[in-house]
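Chemist: Right, I'll just put the structure down here and ask away after.
The values are calculated or read from the model by the stated rules, or taken from the named source; none is laboratory data. Quick caveat, the model's predicted, so the values are computed rather than measured. Because the Cβ atoms are built from the backbone with ideal geometry, glycine has one as well, and the counts that use them run over all protein chains shown. Calculation scope for accessible area: heavy atoms of the full protein, side chains included, ligands and nucleic acids excluded. Shrake-Rupley method; radii C 1.70, N 1.55, O 1.52, S 1.80 Å.
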Amino acid sequence: MTSPTGPQIDFFVSRRGSAAAVAQEVANILEEEGYTAFVQDHDIAYGADFIAEMHNALKQCRHMIVLLTEDYLASEFTMMEVTNFLAAAGQAAYERRLAILRLDESRPEGILASRVFGDLVGITEPQERRRRILAAAEGRSAATQRRPKIFENVAPRDLNFMGRDQALLELHQLLTGSDRGVAVNCAAIHGLGGTGKSSLAAEYAHRYAGEYSGVWWAAAEQRTLLISSLATLAGKVDPRLANEPDQYKAAKDGLTRLAEFTTPFLLVYDNVENPESVRDLVPAGVRVLITTRWTDWAGRANDVKLDLLGEDEAAQFLQTRAGRTDAPGAARLATALGCLPLALDHAGAYCRLAGGSMTFDAYRNKIDARIARAPRGYPESVARTFSLAIEKATAEHPHAETLLGIFAFLAPERIPLDLITEEILAEEDRVEALIALSAVSLVEHQTLDDGSPAISLHRLVQAAMRSQLASQDKTKPIFETVLHAVAAAVPEDAYAEPRHWPRCAQLLPHVLAVHEPAAAAPRSRDLALLYDRAGEFLYARGSLELSRTFFSQAIAVGKNAFGPRDVSVAKAMNNLAVALHDMGRNAESEPLLREALDIQLEKSGIDHPGYARTLTSLAGIVQEGGRGDEAEAMLREAITLGERTLGQAHPDVALRINNLARLLDGKGQKAEAEELFREAIRSGESSLGREHPQVIARLSNLALCLHGNGKVGEAETLYREAIAGGEKVFGPEHPHLAICLQNLANLLRDTGRMTEAEPLYGGALSILLQSFGEDHIHTARVRSNFAKLLITVDRPGDAQGLAQAALTVHAKALGHDHAWTRDSRAILAEAVQALQFPPVTTGAPLNQGATANPEA
């Protein structure tokens, strides 16, 4: 291979001490191919002048192979080897290559960044390692494809990953169609927990990221969490979706955009419970990789069963993890642990930390002597493996058990470390306990989207820890600590403060996680508080059904914790009633509000802020029921109470003034309503700012009033400002925005601008159908107003269907005598008449003077 006049050595293998074994492997492979190779460990004789030998080898070699590790980059001596080689290569009359073989998560930087390199991270199959080494050495390997712009939430690469190369290759062929023909868009890796499903998915995502337009990892143990993650992704794909309050809508729109990419996008749905959890979230054109324990994916995904490691692979894994050679002992221990990768990882970490005194056989005897009950489907020794790791960490630091106990009741991934406050553990104790837990692979460090630190751990570790706490009768105090920490972390008033939404979204998985074992604390005040605050966030984000569930639970737990007549229970009742009202269930709302009002009057009196807030909510229900005078009296009382106890400038008072203005506007008292709207806007601007959600809503309300007063110019300006502000604050698919769109459409219709109005009705109807459904009164109201436009433009057939649907909903929900029901009935009759007696075409323009009916 070497020219008579050229260098005497084909390859100089440059490495640090940590890569000595790989250096010899590389040299052996090169020599088997007929090349010559220089490796300092074997080619410099004992007692020789080391510096001189290295100098001569660098001069005589043609090519250099760098075995890249983190310590290689940190060494001035190895970097001197590289720079000297490159300087000489630049003056040579023949080709001299610098190739890189990456052995850990270090990345080539500086003068190494543009070099050809191969990747041996996680590659254990001998033939694949040989192929990659030769490809890099012979300059056939292109620089690793750059990671796509979106590569987020992906689990860290397991540096001990081994034994799954064939599974990775088959998975890639399945998703891309390589060597198979047509690719599938969804593959489900299934198997027992701890078999390495998530590790396999993470390795695949890292190894093949460059072949996808993007990679997104989503926790999917609950459908709510998956939708939340996909909604976040949607905002990154299309910034217009970033503030979409309806997370399901955002997720679906984002998936639609991903499906349009020329190069497929990879989604990893981790820990899916069953196929129903991902229903309608696997679009064509996107590649979806699922990890799950569910085995039956027939017709919904190509399933890839992940078996346990083979005995030889498991024994090799143990030896690598423990940093020692004992093949017979490793084989016996691997068999005892059922070759389960997670258990092997913990056993290897334990033996490495314990040192030479803890042989593989000693560890096996220890677990055989002290078996604990294992999760169903696992060897009993597996549970003991985790217990041993917990004991080891606790021996290193006494607070490790407490910290892991807290983690055991939260969602397993992305646990914010700021949940562990000084009240729970002093910072120094927390840090040292985390070090002890990390040392035996019980937890992994992560970073959240906002840059703050977090922790993840495996569900089997959580199960083992919960079992240990139960056996020691420690479950109740630890779980109460968890509840208190999470409840304190969820911000108050999230429904009215969008700035709290990112924090609430970060905590939502952990709120859902504590819900399952909450039976352990049926009288917990923290649990009642947590349910109420979480419900407020979900309500703000448009998740009405889930918010209703949380508010209901807040009431049930609150009655146990505080008593059935406590003001906190009344507050949750108020919140539940508001959610039910938005769902069109007013018949259930009014009794709740009256009971809440009675409790607040009894326990805190009329001067407590909660009483006036509930009175305000009740006024809205009463008003919609057609009892305007009763509602007006309630609102005026609430305003008076607020001015006396909170002050005239308080946002709550301005909100009540706005509500009173709406009521008066509906009663035809336009002048007084207009002045009150302006007063509420001025107060809100002063205390909240003009772009606050409440102020934006008041701009729309004032515009509605001005439209009714014939001041259409100013009304249109305000409508457009409210729509622009609503899109910015709420997102483009929020129900509030739909009402604004409808109101502007009404104005345009009433001023003869039909072409501009029609798409606004369509947009409003689409939003409300998604948010509230077919049978909501506001959905019906848009249909009724839209039908009025269609009659005007001579489309009575289309109008009839919309008006009939609106009348059915309004009559059932509001009664036959409500104003909206009467309007729907009149519009339906007009459509029917137009169908029976179509107008005679005379060439005259269409009637543009339709009677104004601009109600929200």
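Every residue, every condition in (1) surrounded by fewer than 16 Cβ atoms within 10 Å (Cβ to Cβ); (2) over 25 Å from S228 (Cα atoms); (3) of a type in the set (V, I, T), yes or no:
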| site | (1), (2), (3) |
| --- | --- |
| D450 | yes, no, no |
| P453 | yes, no, no |
| L457 | no, no, no |
| A463 | no, yes, no |
| A496 | yes, no, no |
| H500 | no, no, no |
| R503 | no, no, no |
| L507 | no, no, no |
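Chemist: So, in the range 516-546, how many residues would count as being at pLDDT below 90, within 18 Å of the chain's Cα centre (by Cα) and in a helix (DSSP H, G or I)?
Modeler: So the count comes out to 5.
Chemist: Which one of these does A251 not meet: (1) within 23 Å of L169 (Cα to Cα); (2) open to solvent by less than 40 Å² (accessible area, probe 1.4 Å)?
Modeler: Checking A251 against (1) within 23 Å of L169 (Cα to Cα); (2) open to solvent by less than 40 Å² (accessible area, probe 1.4 Å), the one that fails is (1).
Chemist: Oh, and also: Being in a helix (DSSP H, G or I), modelled with pLDDT under 90 and closer than 16 Å to P148 by Cα is the filter here; which residues of the range 203-232 pass it? Steps first, answer last, please.
Modeler: So in the range 203-232, the residues in a helix (DSSP H, G or I) come out as 203-207, 209-211, 223-232.
Checking the rest, the ones that are also modelled with pLDDT under 90 come to 203, 206-207, 209-211, 223-225, 228.
Of everything in the range 203-232, those that are in a helix (DSSP H, G or I), modelled with pLDDT under 90 and closer than 16 Å to P148 by Cα turn out to be E203, H206, R207, A209, G210, E211.
Chemist: While we're here: Can you find, within the range 370-413, the residue that is surrounded by the most Cβ atoms within 10 Å (Cβ to Cβ) among those that are more than 18 Å from S441 (Cβ to Cβ), of a type outside the set (A, V, I, L, M) and at pLDDT 85 or above?
Modeler: Among those that are more than 18 Å from S441 (Cβ to Cβ), of a type outside the set (A, V, I, L, M) and at pLDDT 85 or above, it is F409.
Chemist: Another question, if that's okay. Give me the residue from the range 24-67 that is at pLDDT 85 or above and farther than 22 Å from E95 by Cα and, out of that set, most open to solvent (accessible area, probe 1.4 Å).
Modeler: By that ranking, first place goes to E32.
Chemist: If you don't mind, another one. Hey, any hits in the range 42-53 for a residue that's closer than 30 Å to Q127 by Cβ and out of contact with any Pro (no Cβ under 7 Å at 6 or more places or on another chain)?
Modeler: Pass one, the range 42-53, residues closer than 30 Å to Q127 by Cβ: 42-43.
Filter once more, keeping what is out of contact with any Pro (no Cβ under 7 Å at 6 or more places or on another chain): 42-43.
The answer is yes, given that some residue of the range 42-53 is closer than 30 Å to Q127 by Cβ and out of contact with any Pro (no Cβ under 7 Å at 6 or more places or on another chain).
Chemist: For the range 490-508, how many residues are part of a helix (DSSP H, G or I) and either at pLDDT below 85 or not small (G, A, S) (or both)?
Modeler: Narrowing the range 490-508 to residues part of a helix (DSSP H, G or I): 494-496, 498-508.
Restricting the remaining residues to those that are either at pLDDT below 85 or not small (G, A, S) (or both) gives 494-496, 498-504, 506-508.
Selection size over the range 490-508: 13.
Chemist: State whether the residues of the range 17-35 include one that is among the hydrophobic types (A, V, I, L, M, F, W, C), outside any helix (DSSP H, G or I) and under 30 Å from E105 (Cβ atoms).
Modeler: Keep residues of the range 17-35 that are among the hydrophobic types (A, V, I, L, M, F, W, C), which gives 19-23, 26-27, 29-30.
Pick out the ones that are also outside any helix (DSSP H, G or I) and you get none.
Scanning the range 17-35 turns up no residue that is among the hydrophobic types (A, V, I, L, M, F, W, C), outside any helix (DSSP H, G or I) and under 30 Å from E105 (Cβ atoms).
Chemist: I need the full set of residues from the range 297-311 which are open to solvent by 80 Å² or more (accessible area, probe 1.4 Å) and either closer than 25 Å to V440 by Cβ or part of a loop (DSSP other than H, G, I, E, B) (or both), in order please. Give the steps one after another, and end with the answer.
Modeler: Taking the range 297-311 and keeping what is open to solvent by 80 Å² or more (accessible area, probe 1.4 Å), we get 299-300, 303, 305, 307, 311.
Once the filter is applied, which keeps residues that are open to solvent by 80 Å² or more (accessible area, probe 1.4 Å) and either closer than 25 Å to V440 by Cβ or part of a loop (DSSP other than H, G, I, E, B) (or both), the range 297-311 yields G299, R300, D307, E311.
Chemist: Restricting to the range 721-738, name every residue that is in contact (Cβ under 8 Å) with a residue 24 or more places away in the chain and among the small types (G, A, S).
Modeler: A722, G725, G726, G731, A738
Chemist: State which residue pairs qualify: first residue over 18 Å from P732 (Cα atoms) and of a type in the set (S, T, Y) and inside the range 207-235, second residue assigned to a helix (DSSP H, G or I) and open to solvent by 10 Å² or more (accessible area, probe 1.4 Å) in any location, beta carbons under 9 Å apart, and separation of 6 or more residues or different chains.
Modeler: Correct list of pairs: Y208/H172; Y208/T176; T224/Q247; T224/P509; T224/L512; T224/L546.
Chemist: Here is a further query. I'm trying to understand the selection: among the residues of the range 562-573, which are open to solvent by 20 Å² or more (accessible area, probe 1.4 Å) and in a helix (DSSP H, G or I)?
Modeler: The answer is V567, S568, K571.
Chemist: Also, I was wondering about something else. Going by the structure shown, is A20 open to solvent by 20 Å² or more (accessible area, probe 1.4 Å) and in contact with a helix residue (DSSP H, G or I) (Cβ under 8 Å, 6 or more places away or on another chain)?
Modeler: Numbers: open to solvent by 20 Å² or more (accessible area, probe 1.4 Å): yes; in contact with a helix residue (DSSP H, G or I) (Cβ under 8 Å, 6 or more places away or on another chain): yes.
So A20 fits the description; yes.
Chemist: Counting just the residues of the range 725-755 that are open to solvent by less than 10 Å² (accessible area, probe 1.4 Å) and hydrophobic (A, V, I, L, M, F, W, C), which one comes out modelled with the lowest pLDDT? Before the answer, list the steps.
Modeler: Going through the range 725-755, the residues open to solvent by less than 10 Å² (accessible area, probe 1.4 Å) turn out to be 726, 731, 737-738, 740, 742-749.
Cutting the leftovers down to hydrophobic (A, V, I, L, M, F, W, C) gives us 737-738, 740, 744-745, 747-748.
Values: L737: 84, A738: 88, C740: 90, L744: 94, A745: 93, L747: 94, L748: 94.
Among those residues, the one meeting the criterion is L737.
Chemist: Among the residues in the range 86-97, are any open to solvent by 70 Å² or more (accessible area, probe 1.4 Å), outside any helix (DSSP H, G or I) and farther than 26 Å from R131 by Cα?
Modeler: Looking through the range 86-97, at least one residue is open to solvent by 70 Å² or more (accessible area, probe 1.4 Å), outside any helix (DSSP H, G or I) and farther than 26 Å from R131 by Cα.
Chemist: Taking only the range 759-781 into account, find how many residues are among the charged types (D, E, K, R) and open to solvent by less than 60 Å² (accessible area, probe 1.4 Å). Break it down into steps so the answer makes sense when it comes.
Modeler: Looking only at the range 759-781, we keep the residues that are among the charged types (D, E, K, R), and these are 774-775, 781.
Pick out the ones that are also open to solvent by less than 60 Å² (accessible area, probe 1.4 Å) and you get 781.
Of the residues in that region, 1 qualify.
Chemist: Among the listed residues V268, V237, identify the single one that is closer than 18 Å to A187 by Cβ and crowded, with 17+ Cβ neighbours inside 10 Å. It would help to see each step written out before you state the result.
Modeler: On the way: V237 fails: closer than 18 Å to A187 by Cβ.
The match here is V268.
Chemist: Follow-up question, since we're still on this one. How many residues, within the range 42-100, are of a type outside the set (D, E, K, R) and without any contact (Cβ under 8 Å) to a residue 40 or more places away in the chain? Steps first, answer last, please.
Modeler: Step one: filter the range 42-100 for residues of a type outside the set (D, E, K, R), giving 42, 44-48, 50-52, 54-58, 60-61, 63-69, 72-75, 77-80, 82-94, 98-100.
Narrowing further to those that are without any contact (Cβ under 8 Å) to a residue 40 or more places away in the chain: 42, 44-48, 50-52, 54-56, 73-74, 77, 79-80, 83-84, 86-93, 98, 100.
Count: 29.
Chemist: Continuing with this model, one more query. Which ones in the range 315-338 are surrounded by fewer than 24 Cβ atoms within 10 Å (Cβ to Cβ) and free of Cβ contacts under 8 Å to residues at least 40 places away in the same chain? Quick ask: steps written out before the conclusion?
Modeler: Filtering the range 315-338 for residues surrounded by fewer than 24 Cβ atoms within 10 Å (Cβ to Cβ) gives 316, 319-321, 323-329, 331-332, 335-336, 338.
If the condition is that a residue be surrounded by fewer than 24 Cβ atoms within 10 Å (Cβ to Cβ) and free of Cβ contacts under 8 Å to residues at least 40 places away in the same chain, then Q319, G323, R324, T325, D326, A327, P328, G329, A331, R332, T335 are the ones that fit.
Chemist: Further question on the same structure: Only one of T256, T291, T295 is touching a strand residue (DSSP E or B) at 6+ places or on another chain (Cβ under 6 Å) and farther than 19 Å from F151 by Cβ; which?
Modeler: On the way: T256 fails: touching a strand residue (DSSP E or B) at 6+ places or on another chain (Cβ under 6 Å); T291 fails: farther than 19 Å from F151 by Cβ.
Sole residue among the options that is touching a strand residue (DSSP E or B) at 6+ places or on another chain (Cβ under 6 Å) and farther than 19 Å from F151 by Cβ: T295.
Chemist: Can you tell me which residue is modelled with the lowest pLDDT among those in the range 804-821 that are of a type in the set (G, A, S), more than 40 Å from the chain's Cα centre (by Cα) and in a helix (DSSP H, G or I)? Walk me through how you get there before you give the answer.
Modeler: Within the range 804-821, the subset of a type in the set (G, A, S) is 805-806, 811, 813, 815, 819.
Checking which are more than 40 Å from the chain's Cα centre (by Cα) leaves us with 811, 815, 819.
Next, from what is left, pick out any that are in a helix (DSSP H, G or I): 811, 819.
Values: A811: 87, A819: 82.
Among residues in the range 804-821 that are of a type in the set (G, A, S), more than 40 Å from the chain's Cα centre (by Cα) and in a helix (DSSP H, G or I), the one modelled with the lowest pLDDT is A819.
Chemist: Now a separate question. I'm checking my understanding of the structure. Among residues of the range 596-642 that are of a type in the set (D, E) and at pLDDT 90 or above, which one is least open to solvent (accessible area, probe 1.4 Å)? Please lay out each step first, then the result.
Modeler: Just the residues of the range 596-642 that are of a type in the set (D, E), to begin with: 598, 602, 607, 624, 629-630, 632, 637.
Among the residues that remain, those that are also at pLDDT 90 or above are: 598, 602, 629-630, 632, 637.
On the way: D598: 77, E602: 104, D629: 114, E630: 68, E632: 31, E637: 74 Å².
This residue is E632.
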